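K.L.:
Sharing a structure with you now.
The values are calculated or read from the model by the stated rules, or taken from the named source; none is laboratory data. Everything quoted here is computed from the prediction, not taken from an experiment. All Cβ positions, even for glycine, are placed from backbone atoms using ideal geometry, and neighbour counts span all protein chains on display.
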Amino acid sequence: MFGKPELSLVIPIHNEAGNLQALYDRLSAVLKPLNLSYEIIMVDDGSTDSSFEILSTLNQKDSRVKALSFSRNFGHMIALSAGLDSALGGAVITIDADLQHPPELIPELLNRWRGGAKVINTLRQETRGAGVFKNTSAGLFYWLINKIARINLPVSGADYRLLDRKVVDVLKSFKERSRFLRGLISWVGFKQEFIPYQAAERSAGKTKYSLARMLAFAIDGIISFSSFPLRLATYLGLVAASFSFLYILYAVYIRFFTQQAIAGWASVLVAVLFIGGIQLIFLGIIGEYISRVFEETKERPLYIVRKKIGF
Ligand code: UDP
Ligand code: MG
């Protein structure tokens with residue numbers, strides 16, 4: 001194949017050996033009839049199973065499959081970024097490897113793109129098998145981030161979307177390390193559209209997002225798009241200071257106008273513990289921001305490629 005493909009698919013992969021063949025088959029079934037040139041960029045994000053071997057077999061059979069393998073696990077967002085970095089298509093679609101994102105939506109994504117949209121996001125209607133906890137925690141997170149950050153994220157957004165070449169080039173120019181891609185994409189603007197879809201259950205393997213990872217993802221999202229948590233310190237400080245002032249007036253009154261001066265041990269203790277607690281929380285929050293600054297200033301490469309196939 002010569003020249004640039006019209007469409008690039010970018011797929012992050014972390015231990016998805018059980019899904020890759022089925023994924024390839026379903027993608028090909030959708031893509032081949034479309035009559036356009038395409039490439040499938042599989043980013044192996046430090047898999048420890050046989051994912052990469054499967055990718056190289058797929059490449060031998062079909063040179064449109066290209067694979068890039070990281071030296072270790074760098075994370076979903078970084079894998080997506082690496083895929084965008086090497087994608088050549090005029091349109092780029094990012095899609096998960098576990099078949100939770102139905103490839104059958106691709107023709108509709110392309111139609112909207114031809115209609116002029118620069119970003120076409122998909123909205124997960126309901127994830128079967130995701131569990132009440134994941135659904136409510138996600139709902140809570142999107143409510144919070146929309147309230148306190150200057151971006152507008154749809155609840156149940158997914159990392160299944162089509163990006164126009166223009167948007168991909170803008171995203172590639174971002175140097176920041178902590179990549180909350182959904183936020184960045186909302187932030188860049190352009191004409192954006194949304195398509196709802198029914199998410200399927202994972203076809204094989206299990207989710208790579210543990211509770212700890214989801215929490216890290218949420219904190220990354222909020223800290224990179226809002227300084228509201230820092231301002232909270234100021235507000236709470238003001239409230240605490242006002243109460244302290246009232247309490248000082250009260251203490252002075254007790255000392256000079258009554259006989260019960262020593263009483264009050266309990267209230268002092270409560271006040272000290274309360275202020276101490278608030279201070280610890282905000283030291284933590286400030287620490288989160290400082291650690292981001294530290295990470296960014298080191299300017300390490302975003303990812304390290306161990307091997308490339310088909311590029
Ligand atoms: N993934 C990745 N690196 C990671 C974790 C996940 O490349 O460190 C990939 C994974 O292989 C899948 C996609 O990101 O293709 C989404 O992960 P997963 O399905 O586990 O997340 P969930 O759908 O449960 O939110
Ligand atoms: Mg999944």
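K.L.:
For the subset of segment 115-161 comprising residues that are among the small types (Gly, Ala, Ser) and surrounded by fewer than 17 Cβ atoms within 10 Å (Cβ to Cβ), which member is modelled with the lowest pLDDT?
P.N.:
Gly129
K.L.:
Next up: Before we move on, is Arg177 within 16 Å of ligand 1 (Cβ to nearest atom), of a type in the set (Lys, Arg) and not in a helix (DSSP H, G or I)?
P.N.:
Values: within 16 Å of ligand 1 (Cβ to nearest atom): yes; of a type in the set (Lys, Arg): yes; not in a helix (DSSP H, G or I): yes.
Criteria met by Arg177.
K.L.:
Would you check which residues across segment 194-214 are hydrophobic (A, V, I, L, M, F, W, C), away from ligand 1 (no atom under 12 Å from the Cβ) and closer than 26 Å to Leu163 by Cα and list them?
P.N.:
Here is the first cut: in segment 194-214, the ones hydrophobic (A, V, I, L, M, F, W, C) are 194-195, 199-200, 204, 211-212, 214.
Of the ones still in play, those that are also away from ligand 1 (no atom under 12 Å from the Cβ) are 194-195, 212.
The answer is Phe194, Ile195.
K.L.:
With respect to the numbered conditions (1) within 29 Å of Asp25 (Cβ to Cβ); (2) modelled with pLDDT of 85 or more; (3) of a type in the set (S, T, N, Q), which one is the sole condition not fulfilled by Ser203?
P.N.:
So Ser203 meets the others, but not (2).
K.L.:
So Glu16 clears everything in (1) of a type in the set (Asp, Glu); (2) modelled with pLDDT under 95; (3) under 14 Å from Leu84 (Cα atoms) except one condition, right? Which one?
P.N.:
(3)
K.L.:
Before we move on, is Ser63 crowded, with 20+ Cβ neighbours inside 10 Å, in contact (Cβ under 8 Å) with a residue 60 or more places away in the chain and more than 9 Å from ligand 1 (Cβ to nearest atom)? Full working, then the answer.
P.N.:
Working: crowded, with 20+ Cβ neighbours inside 10 Å: no; in contact (Cβ under 8 Å) with a residue 60 or more places away in the chain: yes; more than 9 Å from ligand 1 (Cβ to nearest atom): yes.
No: the conditions fail for Ser63.
K.L.:
Next question. What residue, among those in segment 78-108 that are within 15 Å of ligand 1 (Cβ to nearest atom) and in a loop (DSSP other than H, G, I, E, B), is surrounded by the most Cβ atoms within 10 Å (Cβ to Cβ)?
P.N.:
In this case the residue turns out to be Ala97.
K.L.:
Something else about it: Test Ser28 against the criterion of being surrounded by 16 or more Cβ atoms within 10 Å (Cβ to Cβ), closer than 23 Å to Arg114 by Cα and within 21 Å of the chain's Cα centre (by Cα), and give yes or no.
P.N.:
Numbers: surrounded by 16 or more Cβ atoms within 10 Å (Cβ to Cβ): yes; closer than 23 Å to Arg114 by Cα: yes; within 21 Å of the chain's Cα centre (by Cα): no.
No; evaluated as a whole, the condition is false for this residue.
Here's the yes/no breakdown for (1) under 17 Å from Phe133 (Cα atoms); (2) over 19 Å from the mean Cα position of the chain (by Cα); (3) away from ligand 2 (no atom under 16 Å from the Cβ):
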residue: Ala199; (1), (2), (3): yes, no, no
residue: Leu211; (1), (2), (3): yes, no, no
residue: Ala218; (1), (2), (3): yes, no, yes
residue: Gly221; (1), (2), (3): no, no, yes
residue: Phe225; (1), (2), (3): no, no, yes
residue: Arg231; (1), (2), (3): no, yes, yes
residue: Ala240; (1), (2), (3): no, yes, yes
residue: Phe243; (1), (2), (3): no, yes, yes
residue: Tyr247; (1), (2), (3): no, yes, yes
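K.L.:
Pairs only if they're at least six apart or on different chains, beta carbon under 6 angstrom, first in segment 186-203 and polar (S, T, N, Q), second away from ligand 2 (no atom under 16 Å from the Cβ) and at pLDDT 85 or above; list them, first residue then second.
P.N.:
Between residues of segment 186-203 that are polar (S, T, N, Q) and residues that are away from ligand 2 (no atom under 16 Å from the Cβ) and at pLDDT 85 or above, the close pairs are Gln192/Val119.
K.L.:
Quick one: Ser267 ticks every box in (1) polar (S, T, N, Q); (2) more than 40 Å from the chain's Cα centre (by Cα); (3) modelled with pLDDT of 80 or more; (4) surrounded by 10 or more Cβ atoms within 10 Å (Cβ to Cβ) except a single one, so which number is it?
P.N.:
The one condition Ser267 does not meet is (3).
K.L.:
Output the number of residues of segment 203-257 satisfying the condition of being among the β-branched types (Val, Ile, Thr) and not in a helix (DSSP H, G or I). If you could, list the steps in order and put the result at the bottom.
P.N.:
Of the residues in segment 203-257, the ones among the β-branched types (Val, Ile, Thr) are 207, 219, 222-223, 234, 239, 248, 252, 254.
Checking the rest, the ones that are also not in a helix (DSSP H, G or I) come to 207.
Residues meeting the conditions: 1.
K.L.:
Determine whether segment 170-184 contains at least one residue that is of a type in the set (Phe, Trp, Tyr), over 30 Å from Lys298 (Cβ atoms) and either away from ligand 2 (no atom under 16 Å from the Cβ) or surrounded by 19 or more Cβ atoms within 10 Å (Cβ to Cβ) (or both). Show your work before the answer.
P.N.:
Of all residues in segment 170-184, those of a type in the set (Phe, Trp, Tyr) come to 174, 180.
Pick out the ones that are also over 30 Å from Lys298 (Cβ atoms) and you get none.
Taking every residue of segment 170-184 in turn, none turns out to be of a type in the set (Phe, Trp, Tyr), over 30 Å from Lys298 (Cβ atoms) and either away from ligand 2 (no atom under 16 Å from the Cβ) or surrounded by 19 or more Cβ atoms within 10 Å (Cβ to Cβ) (or both).
K.L.:
May I ask you to list the residues in segment 14-39 that are under 25 Å from Lys166 (Cα atoms) and outside any helix (DSSP H, G or I)?
P.N.:
Asn35, Leu36, Ser37, Tyr38, Glu39
K.L.:
Only one of (1) under 18 Å from Thr94 (Cβ atoms); (2) assigned to a helix (DSSP H, G or I) is not met by Met42, so which one is it?
P.N.:
(2)
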